[in-house]
Amino acid sequence: MLDKTFNPQDVEGRIYAQWEASGAFRAGRRPDSGTFSIVIPPPNVTGRLHIGHALNNTLQDALARFERMRGKDVLWQPGTDHAGISTQLVVERDLALRQRSRLEMGREKFLEAVWKWKDEYGGAIVQQLRRLGASCDWSRERFTMDEGLSRAVVKVFVELYREGLIYRDKRLVNWDPRMQTAVSDLEVENIEVKGHLWYLKYPVDGQMGQFITVATSRPETMLGDAAVAVHPDDARYKDLVGKSVRLPLANRLIPIVADEYSDPEKGTGAVKITPAHDFNDFEVGRRHALPLINILARDGALNDSVPEAYRGLDRFEARKVVLADLEALELVDRIEPITHAVPHDEKTKTVVLEPYLTEQWYLDVRPLAEKAIAAVEDGRTRFVPEQWAGVYFNWMRNIHPWCISRQLWWGHQLPVWYDEDGNTYIAESEADALAELRAKRGADATLTRDPDVLDTWFSSALWAFSTLGWPDKTPELARFYPTSVLVTGFDIIFFWVARMMMMGLHFMKEVPFHTVFIHTRVLDEKGQKMSKTKGNVVDPLVLIDEFGADALRFTLALAAGQGRDMRIGASRVETNRNFSTKLWNAARFCEMNECVTQPGFDPGAVNQTVNKWIVAQTAEAASSMTSALEELRFNDGANGLYQFVWSVFCDWYLELIKPVLNGADESAKAETRATAAWVRDQILKLLHPFMPFITEELWARTAGEDARKDLLIVTAWPDFTSQSFDPEATKELDWVIELVSGVRSVRAEMNVPASAKIALVLKGAGDITQARLARNLDAILTLARLSSAEFADSIPQGSAQFVVGECVAALPLGDVIDFAKERARLQKELQRLESEIARFDAKLGNADFVARAPEEVIDEQKEKRSDAVATAERLREAVGRLGV
């Protein structure tokens, strides 16, 4: 007997252990079947499950479970990412609590500490994914720094170097002075902060009392200035081009150059040029052969390239001293408060030194990008929604060399060695490098390995094939590559999707995946971006504890519309916990009414009209759900099932069959019981990809006396494409539902008391309608709370009316409600709504409001307007029903 309520906490752990023990998650169980493969975007080993992970993995799991039930050999490849900067930062903080530092430990001991931390704490997110219900093949779990993947990384680096695509160069990079490493352009987060713009006066050399004024938000960098630039057409400075200014404090002469980079309309029209510390200035410096004067050390302190008074000062302390000295010389013209975007390291939130001149390793990705662009253009890989292909193309067509080295200790150390003379040896091992050295020099020598590591995304770019055993030619690689689909967020199209495309095509000669599904942001219930500062972060683990994993998963699936940001919060998850309750109660109803699964039941052979109808509705729901998942319309699939289960099955079918179950016709009763059990079973199958725990529990608990042969997770997916169903039964029950719904609407709109039973009169009914009413009279009287239902040639006075089919349905309400008062009430409410709609139209038609308001506020206003319009339309219909 089913419990009165479903308690997820009592079920989820037990069922997950059952799935794992059964081997249901493992790939290779169906060697003769077609394949479906998907790689998990590897979460950081430092990570904790957040709402984005929950969404992404819910959608992946839905696909894996769907295809597994369709009989395919499914590989959902799991694993975690070593997350270079994040992990090193976490471990350094942990060591600092014990008064220890990375530098005093040395590289070897520090790496031992990181591996120990990883072994102790690094698996937390994997366990959290299990709580969500993720059906990954955990027997194949990988880590981006495990032995096999590390071997793949080294081989790729060596091969790309030998092809001339990897090289070393001294260029400007974004630099994190806290971690003392280069940072990818993609990992720089521009944060709006309040600051100042200082206008500094540079004395023109040889012209006493004449100055040229430049503006800067970083006055300490003036010590590295190499020129002042003015626009060639700026009449104010034409006579100064070619002359020099004496750089204050540094006492150096620097030229005044003409360059179109300077905008005469901005500031003073003159710009200080610091080629070693600004990307734009670097380009100006190249055009005018200016020196690159690097004034900063790796830790952000000023170096020996500045006057002695400033050496060793932190950049922010140096700013104060430089400004004080300039003030003393009366060379600060004015100061303006500004709000500007300051680049920060996305991981450490450190203000980035923008940019820093340093020697790094680069990958020339342009030849790889050309192939990756062509693969999307010719349809070998498609983006869903298609609009994201444009974002992908835009970045790929404007791609720059990828800085792949990082000055960290945790990560894949570069397979690069140097001899005493500075010669470089790139090889897959130190032994190979020594062999190369001997061949070159004819003698042994000491080699020193480059201390840098690779960008974390370098190893992630190989994920689709390295996890399958490459560079070895494994059976898994042959069977599951290319993968079927990639599910990921829009924010890593550049970081990961594009790079996997490039590496997959280069080393495997095939795209890594046929389809890329891009989901958008998860916002809070009000459409606000989640942040710790706002206190609106939704923790999926808290939601799972409170409402169960199924409720969270179904909420995420319902919200996952293509190309739309989604709103998630506790109240929405609670609503879908109620949906779980509805499903559980429906199963209890079936159990209490002896609706038991019948072996060999043929849904096409039922005779009762209501059963023919529900069988056809079930087949339609199965077809819609199948199409939705095939086309990655997760929200359509989830919403269709919600409507089918809640409305069609629970609210209509189970109510319609109560007279049959309580009647004396044993044959009809037996058929109806078997049909209800069959529909319940199909619902469990269809819901399983989204709500695996409750469906698996009900599958086991509703088996009757004979246990089911298989777990639900490996049971065949419903497919009714070869069956035909009675269209007349569907028409008949649709008519019944339309009639009962019409009566219920009138009762609600006219405030008819729930206890009042009213009469129904049908005018103009044909033979088919009269027969339908006769066959379904008991159900109609019960569901619509009617005292009678009869046919007539005229409409009684004081009737509310509506059209159903070819006839007019009339409800004589003169003795129940005051028509005049009810009409006045409805019209007053309608006027209020029309005024409200007008206010929404005025606000949304105000260009200034639309320009200033956040996107989520505009969406909220549109949503409220839409609700008001729909309500007004219903009221107009209600007023019209009072016409007689």
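The values are calculated or read from the model by the stated rules, or taken from the named source; none is laboratory data. The model shown is predicted, which means the values in this text are computed figures rather than measured ones. Here the Cβ is made from the backbone with ideal geometry for all residues, glycine too, and neighbour counts use every protein chain on show. These accessible areas exclude ligands, DNA and RNA; they are computed on the full protein's heavy atoms, side chains included. Shrake-Rupley method; radii C 1.70, N 1.55, O 1.52, S 1.80 Å.
Tabulated data
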read-out: Among (1) assigned to a helix (DSSP H, G or I); (2) of a type in the set (Gly, Ala, Ser); (3) out of contact with any Asp or Glu (no Cβ under 7 Å at 6 or more places or on another chain) - the single one ALA318 does not satisfy; value: (3)
read-out: Among residues of segment 625-656, those that are buried (at least 19 other Cβ atoms within 10 Å of the Cβ) and within 15 Å of SER741 (Cα to Cα), counted; value: 4
read-out: Matching option when the condition is part of a helix (DSSP H, G or I) and free of Cβ contacts under 8 Å to residues at least 24 places away in the same chain, among ASP550, ASP491; value: ASP491
read-out: Cβ-Cβ under 8 Å pairs, at least 6 apart or on other chains, segment 857-877 side within 18 Å of ASN846 (Cβ to Cβ), far side open to solvent by 80 Å² or more (accessible area, probe 1.4 Å) and not in a helix (DSSP H, G or I); value: GLU860/LYS526
read-out: Condition met for THR5 (part of a helix (DSSP H, G or I), closer than 29 Å to THR581 by Cβ and in contact (Cβ under 8 Å) with a residue 12 or more places away in the chain); value: no
read-out: Where LYS272 falls short, out of the listed (1) closer than 23 Å to SER305 by Cβ; (2) surrounded by fewer than 21 Cβ atoms within 10 Å (Cβ to Cβ); (3) modelled with pLDDT of 95 or more; value: (2)
read-out: Those residues of segment 176-212 which are buried (at least 17 other Cβ atoms within 10 Å of the Cβ) and among the polar types (S, T, N, Q), in sequence order; value: THR181, SER184
read-out: Residue list for segment 563-602, filter: assigned to a loop (DSSP other than H, G, I, E, B) and open to solvent by 70 Å² or more (accessible area, probe 1.4 Å); value: ARG564, GLU594, GLN598, PRO599, GLY600, ASP602
read-out: Conditions (1) touching a Pro at 6+ places or on another chain (Cβ under 9 Å); (2) at pLDDT 95 or above; (3) charged (D, E, K, R); (4) loosely packed, with under 15 Cβ neighbours inside 10 Å; number of the one not met by LYS243; value: (4)
read-out: Verdict on ASP841 being among the acidic types (Asp, Glu), more than 50 Å from the chain's Cα centre (by Cα) and surrounded by fewer than 15 Cβ atoms within 10 Å (Cβ to Cβ); value: no
read-out: Residue in segment 411-433 that is touching a residue at least 12 places away in the same chain (Cβ under 8 Å), under 25 Å from PHE143 (Cβ atoms), among the hydroxyl-bearing types (Ser, Thr, Tyr) and out of contact with any helix residue (DSSP H, G or I) (no Cβ under 9 Å at 6 or more places or on another chain) present; value: no
read-out: Selected residue (only one of ASP444, ASP419, ASP472 is at pLDDT below 95 and out of contact with any Phe, Trp or Tyr (no Cβ under 9 Å at 6 or more places or on another chain)); value: ASP444
read-out: Close pairs from segment 741-756: first over 16 Å from ASP818 (Cβ atoms), partner part of a helix (DSSP H, G or I), Cβ under 7 Å, at least 6 apart; value: VAL743/ALA784; ARG744/ALA784
read-out: Evaluation of TYR161 against (1) open to solvent by 50 Å² or more (accessible area, probe 1.4 Å); (2) touching a strand residue (DSSP E or B) at 6+ places or on another chain (Cβ under 8 Å); (3) over 18 Å from MET503 (Cα atoms); (4) in contact (Cβ under 8 Å) with a residue 12 or more places away in the chain (one fails), failing number; value: (3)
read-out: Hits in segment 249-279 (condition: under 23 Å from PRO337 (Cα atoms) and either part of a strand (DSSP E or B) or not acidic (Asp, Glu) (or both)); value: SER262, PRO264, LYS266, GLY267, THR268, GLY269, ALA270, VAL271, LYS272, ILE273, THR274, HIS277
read-out: Only listed residue being of a type outside the set (Asp, Glu), touching a residue at least 24 places away in the same chain (Cβ under 8 Å) and part of a strand (DSSP E or B), chosen from LEU326, LEU368, LEU357; value: LEU357
read-out: Test: residue in segment 543-556 that is of a type in the set (Gly, Ala, Ser), open to solvent by 10 Å² or more (accessible area, probe 1.4 Å) and out of contact with any Leu (no Cβ under 7 Å at 6 or more places or on another chain); value: no
read-out: Spans of helices (runs of 4 or more DSSP H) in segment 376-465 with at least 3 residues open to solvent by 50 Å² or more (accessible area, probe 1.4 Å) and under 20 Å from SER184 (Cβ atoms); value: 387-397
read-out: Where TRP76 falls short, out of the listed (1) within 19 Å of PHE480 (Cβ to Cβ); (2) in a helix (DSSP H, G or I); (3) of a type outside the set (S, T, N, Q); value: (2)
read-out: Residues of segment 716-730 satisfying the condition of being open to solvent by 20 Å² or more (accessible area, probe 1.4 Å) and either at pLDDT 95 or above or part of a loop (DSSP other than H, G, I, E, B) (or both); value: ALA716, TRP717, ASP719, PHE720, THR721, SER722, GLN723, SER724, PHE725, ASP726
read-out: Failed item, numbered, when GLY71 is tested on (1) part of a helix (DSSP H, G or I); (2) under 30 Å from ASP719 (Cβ atoms); value: (1)
